[in-house]
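The values are calculated or read from the model by the stated rules, or taken from the named source; none is laboratory data. Computed from a predicted model, the values in this text were never measured in an experiment. When we count neighbours, we look across all protein chains shown, and the Cβ atoms used for this are built from the backbone with ideal geometry, even at glycine. Calculation scope for accessible area: heavy atoms of the full protein, side chains included, ligands and nucleic acids excluded. Shrake-Rupley method; radii C 1.70, N 1.55, O 1.52, S 1.80 Å.
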Amino acid sequence: MNAIKTEKLAVGYDKTIIVPELDVGFKKGGITSIIGANGCGKSTVLKAIGRIIPKAGGAVIINGKDVGDLKNKDIAKELAVLPQAPHAPGTLTCFELVSYGRFPYQKGFGRLTKTDREIIEWALGVTNMSEFRDREIAYLSGGQRQRVWIAMALAQQTGIILLDEPTTYLDLCHQLEVLELLKKLNETQGTTIIMVLHDLNLASRYSDELLALKDGKVYSFGTPQEVFTETMLQECFRIDGKIVKGGLASKPLCLTYDLLRKKDENVN
Amino acid sequence: MAERKLTLAERKRGRVIKIVFLFVLLLLVFLLGCCMGPYAIDFASVIKTIFGGGTAATKLVIFGFRLPRLCLAVLVGFGMGASGVIMQNLLHNDLASPGTLGVADGSSLFVTLYVALIVGTVDIPVLLPVLALIGGLISAAIIYLLGTKRKKPLSSTKLVMTGVAMGACYSAIGTFMMYVLDETKLEFIQRWNSGELWGTKWEYISILFVWLSVFGAVAMHETKTLNAINLGYDIATGLGVNVKVSFALLAFLAVGMSSASVAFGGNFFFLGLIGPHIARRIVGTDTRYLIPASGVASAVIIIAANILVEDVEIFMNIPTGIFVSVLSVPYFLYLLIRSR
């Protein structure tokens, strides 16, 4: 069953259509990474699914319901979105930031109920942020900051989380930490995770499926073994990469790569 | 750094105490304002008069002159302070305020146009508040329409730029209108523009009170949305906020509160910039605390300025608004220098 399905989804800015017509389905309980070169429309697709940018046509179906028919608050109970490099006022504490994740459930003046508090504490716990609950965001490291944002998304208690490059600006260790956390959530809570990732090797390692986009269209969609190929690297990224089988989690891995054009020049 | 060891409950209690402290401070300057003036009254007599005693003279001075002026000052302070917080949070820009976004110039232009073209004399300025309000709302609506696109998400930079540009346009027309005004009208407009607490009739004060209470209550109800918007439009959308609708509602509230305050009190737009800054340093970013704190802080500033105007002979007859700026600018510069 699909957690999210797009039907003839079209997205663009002004008169430029970036994604003309996209029909894809994201499996429930899976981790899917959207990959592609700069400007291929991967962030655009993610944002359109997360209704952060308006779509130019088509439909997005979440758990069988057309997003167009739902109230914004009700969508926020099914789907959490984490934009790239979000910025919070530094004086907020972790607890306060995570408490904003309860927004879709709040009524009136927004007092936190007992349930709200329990869920916030749970979200802080799952993301290993409990010890920092009263610390201000300004005093967190990059990795901790990303984790507290994920905790906020968790407090929304949605079955689906969309993330736009959650590992940006993080060092190697913290990149892994964030992805391990997402994997844990996927395994223990059954959360469907759809994210845009730049690092192809990490995308291959942590994803059940990869969606490779080229010029706003689906280039290939399937398991990392099916999608992460040397031909895909040539045609989507214009690089000449060397793929080896059996990386961690027995996923394909790109060992080394070179510019495609350079090679052409050598031949000439 | 010590701050981060505090637990949430302690922080919350701390903020409530700070707001209570601000209210006490406001009460003190308010009473001080009752005491001081060309006819000085000692503290004990002020208390006695307020609670029904006192001589005929103190009654006249306090109820007839000082209380209306002080009450108006408090209301204007609340209106401007709350409005500034909303605008700064909506636009994620610390320099946003009714003054910097062109809304003030819009109000001011409407008032000028009205005085110049329609009324024969300026004896009946009853319509002024309504005009300032309409002017503020129209100019804000124009800025919103020009600064947003239907098929696009909001961009705060675009809105701020549009506001600045339109503000320049409004004030240019306003300045031009000054040339066609006769002397009496010109003086009124000039004094109004520089901020003078003129609407000191109890009818005006009660209208403003009711107006600000209604708008303020709705704003307080929307603080959780405002907090979410403060995290960024994308995040707010993800949390289920209908950003464009909420933005329009909150902007309407902000413009409504500032224009009404300005209409009765005169041009005090600088308060909308400085009040929120001071309050943010005291209670932090949560708008549930920030809006009341900013209102009280702004009220304290305006009363302090008013005391100086009333009581210090060389400052007499200088509009209070000018004093607010004089008092606030050094502090504002200090904040800017420290923030680097």
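When the residues of the range B:231-245 are filtered to those that are in contact (Cβ under 8 Å) with a residue 60 or more places away in the chain and more than 7 Å from every other protein chain (Cβ to nearest Cβ), the one that is most open to solvent (accessible area, probe 1.4 Å) is B:Lys244.
Scan A:Arg102, A:Arg145, A:Arg117 and give me the residue that is basic (Lys, Arg), crowded, with 20+ Cβ neighbours inside 10 Å and farther than 15 Å from B:Asn227 by Cβ.
None of the others qualify; the one that does is A:Arg145.
Can you find even one residue in the range B:68-83 that is of a type in the set (S, T, N, Q) and under 24 Å from B:Thr225 (Cβ atoms)? Yes, that holds for at least one residue. The set of residues in the range A:123-142 being under 18 Å from A:Arg102 (Cβ atoms) and open to solvent by 50 Å² or more (accessible area, probe 1.4 Å) consists of A:Ser130, A:Arg133.
When B:Ser139, B:Ser107, B:Ser83 are checked against the criterion of being open to solvent by less than 10 Å² (accessible area, probe 1.4 Å), free of Cβ contacts under 8 Å to residues at least 40 places away in the same chain, assigned to a helix (DSSP H, G or I) and among the polar types (S, T, N, Q), B:Ser139 stands alone in meeting it.
None of B:Ser97, B:Ser155 is out of contact with any strand residue (DSSP E or B) (no Cβ under 9 Å at 6 or more places or on another chain), within 14 Å of chain A (Cβ to nearest Cβ), at pLDDT below 85 and within 30 Å of B:Leu335 (Cα to Cα) except B:Ser155. Can you tell me how many residues within the range B:49-80 are crowded, with 24+ Cβ neighbours inside 10 Å and aromatic (Phe, Trp, Tyr)? Going through the range B:49-80 one residue at a time, the tally reaches 1. Anything in the range B:142-155 that is under 13 Å from B:Val243 (Cα atoms) and open to solvent by less than 50 Å² (accessible area, probe 1.4 Å)? List them, or say none. Across the range B:142-155, the qualifying residues are B:Thr148, B:Leu154, B:Ser155.
In summary, helices (runs of 4 or more DSSP H) completely within the range A:100-211 and bearing 1 or more residues that are more than 11 Å from chain B (Cβ to nearest Cβ) and under 20 Å from A:Lys42 (Cβ atoms) occur at A:142-155, A:172-189, A:200-206. Considering the range B:179-199, and only residues there that are open to solvent by less than 50 Å² (accessible area, probe 1.4 Å) and out of contact with any Gly (no Cβ under 7 Å at 6 or more places or on another chain), the residue that is modelled with the lowest pLDDT turns out to be B:Asn193.
Of the residues examined, B:Ala248 is not one that is assigned to a helix (DSSP H, G or I), of a type outside the set (Lys, Arg) and open to solvent by less than 10 Å² (accessible area, probe 1.4 Å). Answer yes if at least one residue in the range B:169-179 is in a loop (DSSP other than H, G, I, E, B), farther than 30 Å from B:Gly238 by Cα and either in contact with a Cys (Cβ under 7 Å, 6 or more places away or on another chain) or free of Cβ contacts under 8 Å to residues at least 24 places away in the same chain (or both), and no otherwise. No, the range B:169-179 has no match at all. Cβ-Cβ contacts under 6 Å between residues 6 or more apart (or on different chains), taken from a first residue in the range A:81-94 that is at the interface with chain B (Cβ under 9 Å from one of its Cβ atoms) to a second residue that is of a type in the set (A, V, I, L, M) and open to solvent by 20 Å² or more (accessible area, probe 1.4 Å), are listed as A:Gly90/A:Ala138.
Restricting attention to the range A:69-117 and to residues that are among the acidic types (Asp, Glu) and over 19 Å from A:Arg147 (Cβ atoms), the residue that is modelled with the lowest pLDDT turns out to be A:Asp69. Each residue in the range A:53-66 was checked for being of a type outside the set (Gly, Ala, Ser) and modelled with pLDDT of 90 or more, and 6 pass. A:Leu112 meets all of the listed conditions (1) among the aliphatic types (A, V, I, L, M); (2) more than 25 Å from A:Thr167 (Cβ to Cβ); (3) open to solvent by less than 20 Å² (accessible area, probe 1.4 Å) but one, namely (3).
Restricting the first member to the range A:41-60 and to residues that are facing another protein chain (nearest Cβ under 9 Å) and under 19 Å from B:Leu239 (Cα atoms), and the second to residues that are at pLDDT below 90 and open to solvent by 20 Å² or more (accessible area, probe 1.4 Å), the beta-carbon pairs closer than 6 Å and six or more apart or on different chains are A:Ile53/B:Pro153; A:Pro54/B:Lys151. When B:Ala251, B:Ala219, B:Ala165 are checked against the criterion of being away from every other protein chain (no Cβ under 14 Å), closer than 24 Å to B:Gly77 by Cα and touching a residue at least 60 places away in the same chain (Cβ under 8 Å), a single residue qualifies: B:Ala251.
Condition test on A:Lys73, is it within 13 Å of another protein chain (Cβ to nearest Cβ), assigned to a helix (DSSP H, G or I) and open to solvent by 10 Å² or more (accessible area, probe 1.4 Å)? So A:Lys73 fits the description; yes.
Only a single item in (1) open to solvent by 40 Å² or more (accessible area, probe 1.4 Å); (2) at pLDDT 90 or above is not met by A:Leu22, and it is number (1). Each residue in the range A:168-187 was checked for being of a type in the set (Val, Ile, Thr) and buried (at least 18 other Cβ atoms within 10 Å of the Cβ), and 1 of them qualify. The residues on offer are A:Val196, A:Val218, and the sole one that is open to solvent by 40 Å² or more (accessible area, probe 1.4 Å), at pLDDT 90 or above and under 25 Å from A:Pro20 (Cα atoms) is A:Val218. Of the residues making up the range A:63-80, just one is more than 23 Å from A:Lys107 (Cβ to Cβ) and touching a residue at least 60 places away in the same chain (Cβ under 8 Å), namely A:Asn63. B:Ser258 falls short on exactly one of the conditions (1) crowded, with 20+ Cβ neighbours inside 10 Å; (2) within 24 Å of A:Glu78 (Cβ to Cβ), and that condition is (2).
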